[in-house]
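As structure tokens, the structure follows; a few thoughts come after it.
Read-outs throughout are calculated quantities, based only on the coordinates presented, and are distinct from any laboratory measurement. Note that the structure is a prediction, hence the values are computed from the model and not measured. We place every Cβ from the backbone using ideal geometry, glycine too, and count neighbours over all the protein chains shown.
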Amino acid sequence: MAYFIRPFTARDRPAVRRLSCETAFLGLPREGIFADDEVLADFLTLYFTDHEPGSCFVAEDNAAVIGYLTGAKDVRAMVREMRWGARLLPALFVKMLRRKTFLSKTNLRFLSLGLLSLLKGEFFVRDVADVFPATLHVNIDSRYRRKGVGRGLIEAYLDFLRRARVKGVHLSTLSPDARDFFLKMGFDVVYHRRRSFLKPYTGSEVFLYVLGRGL
């Protein structure tokens, strides 16, 4: 393949947002799960593309973005910024009200299932930032998977983190295939937890895997 890896630029933002929606929910048709791509893309990518773009990379083939990696060098600083700095999470809630996202039956079902999962304690996330302060998320166009694109993006990001003297990085994934891929990349499973709100869509149990790697 004639693809190459390069740092993210502002012109890549629409392609990254589109790809984030297309690859959400384990590749299931998102229209039947959460029917608002604008809000979904904000939730998945807005902090990274608009507030820490220097920690992001894209894979390009023939001038088209075929994959991306979004990252943050300090996940705790990222969370503070989302809550109290740029107030991204409150702003996203207001945006959902303005767009009438909550009036969709599809969206209400998904959000209700998520709330029930939250009340069960399934959204508890162990703090691993002392050992693995950075985070990443990677998505590849389905037509370009298993061709080395993901490995290239991750290696570029790991080199970036080493130069910044970051001591470790972690990620979370719902995909067993992605889990196995990251294990081959030298990551270890830190813990996993059931996410029952997705079972009505997948028909089987879904687990969130958190993996970390020291640098």
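Observations, loosely collected:
- Taking every alpha-carbon pair under 8 Å whose residues sit at least 6 apart, segment 94-193 reaches a relative contact order of 26 percent.
- Sum of side-chain charges, R98 neighbourhood, beta-carbon under 15 Å (Lys, Arg +1; Asp, Glu -1): 0
- Across the chain, the mean sequence separation of Cα contacts (distance under 8 Å, 6 or more residues apart), normalised by length, yields a relative contact order of 21 percent.
- Dividing the helix sum by the residues of the chain, where each DSSP H run of 4 or more adds -39500 (n - 2.57), gives a mean residue ellipticity at 222 nm of -12000 deg cm²/dmol.
- Nearest 10 degrees, 0 to 90: helix 105-119 Cα axis against the chain principal axis: 80
- Most mobile listed residue (L153, L119, L92) in the chain, GNM with C-alpha springs under 10 Å: L119
- Relative to the longest principal axis of the Cα atoms of the chain, helix 88-98 runs at roughly 40 degrees.
- Within a Gaussian network of the chain (alpha carbon springs, distance under 10 Å), most fluctuating of E60, E52, E205: E205
- Each label was represented as a point 7 Å from its Cα along the Cα-to-Cβ direction; for L174 and A86 these points are 2.3 nm apart.
- Cα gyration tensor category, rounded, prolate or oblate, for segment 77-168 with a/c compared to 1.5: prolate
- Overall form of segment 137-214 per C-alpha gyration tensor (a/c, 1.5; a/b vs b/c): oblate
- Taking segment 1-92 and dividing mean pair separation by its residue count, relative contact order in percent (alpha carbons under 8 Å, at least six apart): 32
- Inter-label distance, nm, simple model (7 Å from Cα along the C-beta direction), R145/L119: 3.4
- Principal-axis tilt of helix 37-51 within the chain, Cα atoms, nearest 10 degrees: 40
- Label zone at K167, where the point sits 7 Å out along the Cα-to-Cβ direction: segment 114-154 residues whose backbone N lies under 17 Å: 127-135
- Shape category assigned to the chain from the gyration tensor of Cα positions, a/c cut at 1.5: rounded
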